[in-house]
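The values are calculated or read from the model by the stated rules, or taken from the named source; none is laboratory data. Just so it is clear, the model here is predicted, and its values are computed rather than measured. Counting neighbours? That spans all protein chains shown, and the Cβs are built from the backbone with ideal geometry, glycine included. When the accessible area is computed, the model is the full protein with side chains, heavy atoms only, and any ligands, DNA or RNA have been set aside. Shrake-Rupley method; radii C 1.70, N 1.55, O 1.52, S 1.80 Å.
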Amino acid sequence: MPPTIDASAYRNLLRSFLAEDIATGDITTETTVPAGQRASGELIAKAPLVLAGIDLFAEVFRLLDSTTEVEIISRDGEELVPGNIPARVSASAHALLSGERVALNLLQRLSGVATLTRRFVRAVEGTDAAILDTRKTTPGMRALEKYAVLVGGGKSHRKDLAEAILIKENHIRLAGGVSAALTSAQAARGRVAWIEIEVTNLDELRAALMHNPDVIMLDNMSPCLVRQAVCEVRKHDAPHKIRTEASGGITLNNVREFAEAGVDWISVGALTHSAPAVDLSFEIEPLL
């Protein structure tokens, strides 16, 4: 079952989006469309996509008009083809016109993330690797973009800096090395979900294994080197399973090579920082 989202929990965020766009008033709509006019809008897919954010789309119009009626035909996670109509909305014409851009921008963005994620997930089907997102998200949009990754079939990495320890290159340098960083991190083990460290070569990997972290990130390694690293981790006698994560330089063209190298996780920043918006249109007609 695809995940669901409680759109009402994001009303304040949606209000801030509307305030940014409408500002002191939608002057075009106010001067050209009668205040009492009712209208109906039809959402239309113009390209293949995975839908994500349809309830948020609807909530935008409800915030502008409490009498809004929404017919949701397709749910988040469904794959659409050009011509599919995932939703229809009836409301005041002013609400539809003033909320159209915010609602569409949000839906196109989240559906873009879900669509790209689905492509990565399909590319590694049949392996044991999971596709994960990163913290490379749009400020203020992290929860929604990570939700879209889940809709696309991916999994969520850290939601924020407090959830887990992830020791990266700069931390290692400032801490005085891999061993020093992991030794210090152990003091917080009871406060975090897991302890992870980034390594870039086999020497760093071996130093990390001496401290038995929960996860080792194999950063910017070739698939061949990743395979060697995974073998070393599997041979290591640890009190718990040490997961491996491939990261850096992952594309749709090479993601399967990394998956077949045996890693548990493949984190892909592009899911959220480079997903193109999908093509959806919202056609509005007057109601007599």
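On the protein heavy atoms, probe 1.4 angstrom, tell me the percent of accessible surface of segment 12-122 carried by carbon and sulfur.
About 49 percent, which is the carbon plus sulfur part of the accessible surface.
Please list, in order along segment 123-137, the HN-Hα scalar couplings obtained from phi with the Karplus expression 6.51 cos²θ - 1.76 cosθ + 1.60 (θ = phi - 60°), rounded to whole Hz, x for Gly and Pro.
Ordered by residue, 3J(HN,Hα) equals 5, 10, 4, x, 9, 9, 7, 9, 8, 10, 7, 9, 8, 7, 10 Hz.
Any idea what angle helix 11-22 forms with the longest principal axis of the chain, computed on alpha-carbon atoms, 0 to 90 degrees, nearest 10?
Tilt of helix 11-22: around 60 degrees.
Any chance you could list P(r) for segment 238-288, counting all Cα-Cα pairs in 5 angstrom bins from zero, rounded to whole %?
4, 15, 18, 13, 11, 9, 7, 6, 5, 4, 4, 2, 1, 0, 0
So what is Rg over Rh here for the chain, counting just Cα atoms and using Kirkwood for Rh?
Rg/Rh for the chain comes to 1.09.
Counting only DSSP beta bridges with both residues in the chain, what percent are antiparallel, rounded to the nearest 5?
50 percent
In whole Hz and in residue order, list the ³J(HN,Hα) couplings for segment 63-78 that follow from phi through the Karplus curve 6.51 cos²θ - 1.76 cosθ + 1.60, θ = phi - 60°; x for Gly and Pro.
Each residue's phi maps through the Karplus curve to give 5, 8, 8, 5, 8, 4, 10, 10, 10, 8, 9, 10, 9, 4, x, 6 Hz.
Report the residue, chosen from 145, 260, 20, that carries the largest GNM mean-square fluctuation when the chain is represented by alpha-carbon nodes joined by springs under 10 Å.
20
Quickly work out the residue 12-to-residue 42 label distance, labels modelled 7 Å from Cα along the C-beta direction, and quote it in nm with one decimal.
3.9 nm
Taking 0.36 nm per residue of separation and subtracting the Cα-Cα distance, what length does fully extending residue 171 through residue 138 add?
9.5 nm
Using 17 Å as the cut-off for backbone N distance, which residues of segment 13-55 belong to the label zone defined by a point 7 Å from the Cα of residue 67 along Cα→Cβ?
Under 17 Å, as judged by backbone N against the label point of residue 67, lie 33-41 of segment 13-55.
Only loop residues by DSSP count here, and only those with at most 15 other Cβ atoms within 10 Å; note down the chymotrypsin sites (Phe, Trp or Tyr not before Pro) in segment 115-220 that meet that.
Sparse-neighbourhood loop chymotrypsin sites (Phe, Trp or Tyr not before Pro): 194.
Give the accessible surface of segment 140-232 per residue, rounded to a whole number of Å², with probe radius 1.4 Å and ligands, DNA and RNA excluded.
Dividing the accessible area of segment 140-232 by its residue count gives 46 Å².
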